[in-house]
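The values are calculated or read from the model by the stated rules, or taken from the named source; none is laboratory data. This one's a predicted model, so the numbers in the text were calculated from it and none came from an experiment. In this analysis, Cβ positions are derived from the backbone assuming ideal geometry, glycine residues included, and neighbour counts consider all displayed protein chains.
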Amino acid sequence: MGKINTSTETAPNAGGKRGVIITCAVTGSIHTPTMTPYLPVTAEEIAEASIGAAEAGAAVIHLHARDPQSGAPSADPEHFRAFLSPIKKATDAILNISTGGSSVMSLDTRLAPARTMKPEMCSLNMGSMNFGTFPMLEKYDQWKHNWEPALLAATRRTVFKNTFEDIETILDDVGNGGGARFEFECYDIGQIETLGFYFKRGLVKPPLYVQFVLGVLGGASATVDNLLHLKNCADRVLGDAYEFSVLAAGGRQIAMASMGAIMGGNVRVGLEDNITIAPGKLAKSNAEQVAKIRRIVEELGLPVATPAEARARLGVKGADKVAF
């Protein structure tokens, strides 16, 4: 397959409008193989899903890895390498590696892929929090793998841990040490305030890319009021040093992303966050979700950002400076 070249434009888009950056989170660590047959698990499936999402219009691909045999979340750098190189060869999308992994992983385990691969961009959760996926246990009677209900049940008693010290370690090791820029994931206003704390002290520098995460049990629910509250807080704390993106877990994904675009922000979709394309209907691919939000964005009269535009705005180092 030839490389997908969608980088003919740079900021701003034709007509002077800044393009909406579409991020696609293709697999994550929340949903499990029992929940949908369309969840990418193997390196080949994750690469195919990522390339399809880029073809559909995603400028950023957010990546987790899975054990290719069981589908369980993995932070093995070699599991990442197996799909990072093929995606990079086939598309010019920005590849964004998770530092979140899953709530049952240690910090060193979660950071191993980013430390090894030195990507252009990484996610960074801006605080410790309850991150409850255990209600999904009620939806299924039979499971393909024993690890699935065990992992979901563990979220009732565990905390996703990113202390101030953990955040500083990530900023130093992955940012200063690896040259990555960050997608700062904020699930509530306290996490925006934490980002502001580090911004005022010069540990993070603009342009800041803030992902408002809505709909996770333990964080802000997926409502317009909450989105407006997060945006107002970020305006107060970060001023003009940031731009934002919106994701919503579950069935509010498209509605909340659309609202984010209307408000002047960017959007994230993907099977990490939501496994449906319409109420009660499973999405058959990540590309299907990207194509849907792209149609909405364009029907709103907004252009979609290319990878080149996204690189210019986010200040990433370039695909030639990664270690894969």
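Laid out as a table, the results:
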quantity	calculated
Residues of the stretch 179-203 satisfying the condition of being in contact (Cβ under 8 Å) with a residue 12 or more places away in the chain and more than 19 Å from the chain's Cα centre (by Cα)	190, 193, 194, 196, 198, 199, 203
Complete set of residues in the stretch 272-296 that are free of Cβ contacts under 8 Å to residues at least 60 places away in the same chain and either at positive phi or outside any helix (DSSP H, G or I) (or both)	274, 276, 277, 278, 279, 280, 281
Test for residue 84: is it assigned to a strand (DSSP E or B) and touching a strand residue (DSSP E or B) at 6+ places or on another chain (Cβ under 8 Å)	no
Near pairs, Cβ below 6 angstrom, 6+ apart or cross-chain, from the stretch 28-44 (more than 17 Å from residue 146 (Cβ to Cβ)) to any residue that is small (Gly, Ala, Ser) and at pLDDT 95 or above	40/49; 43/82
Evaluation of residue 210 against (1) assigned to a loop (DSSP other than H, G, I, E, B); (2) within 15 Å of the chain's Cα centre (by Cα) (one fails), failing number	(1)
Near pairs, Cβ below 6 angstrom, 6+ apart or cross-chain, from the stretch 297-324 (at pLDDT 95 or above and outside any helix (DSSP H, G or I)) to any residue that is of a type in the set (Ser, Thr, Tyr) and surrounded by 14 or more Cβ atoms within 10 Å (Cβ to Cβ)	306/6; 306/7; 324/85
Flag for residue 116 being at pLDDT 95 or above, surrounded by 22 or more Cβ atoms within 10 Å (Cβ to Cβ) and either more than 23 Å from residue 308 (Cα to Cα) or small (Gly, Ala, Ser) (or both)	no
Matching residues, the stretch 213-253, being among the hydrophobic types (A, V, I, L, M, F, W, C), under 22 Å from residue 274 (Cβ atoms) and either surrounded by fewer than 19 Cβ atoms within 10 Å (Cβ to Cβ) or over 15 Å from the mean Cα position of the chain (by Cα) (or both)	217, 220, 222, 224, 227, 228, 230
Selection within the stretch 130-178 - under 25 Å from residue 33 (Cα atoms), in contact (Cβ under 8 Å) with a residue 60 or more places away in the chain and aliphatic (A, V, I, L, M)	136, 151, 152
Positions within the stretch 40-78 being in a helix (DSSP H, G or I) and closer than 19 Å to residue 269 by Cβ, in sequence order	45, 46, 47, 48, 49, 50, 51, 52, 53, 54, 55, 56
Residue check, residue 270 among the small types (Gly, Ala, Ser) and crowded, with 24+ Cβ neighbours inside 10 Å	yes
Sole exception among (1) more than 19 Å from residue 276 (Cα to Cα); (2) of a type outside the set (Asp, Glu); (3) modelled with pLDDT of 95 or more for residue 18, by number	(3)
Any hit, the stretch 185-200, residues being outside any helix (DSSP H, G or I) and of a type in the set (Lys, Arg)	no
Residue tally, condition closer than 16 Å to residue 226 by Cα and basic (Lys, Arg), over the stretch 238-273	1
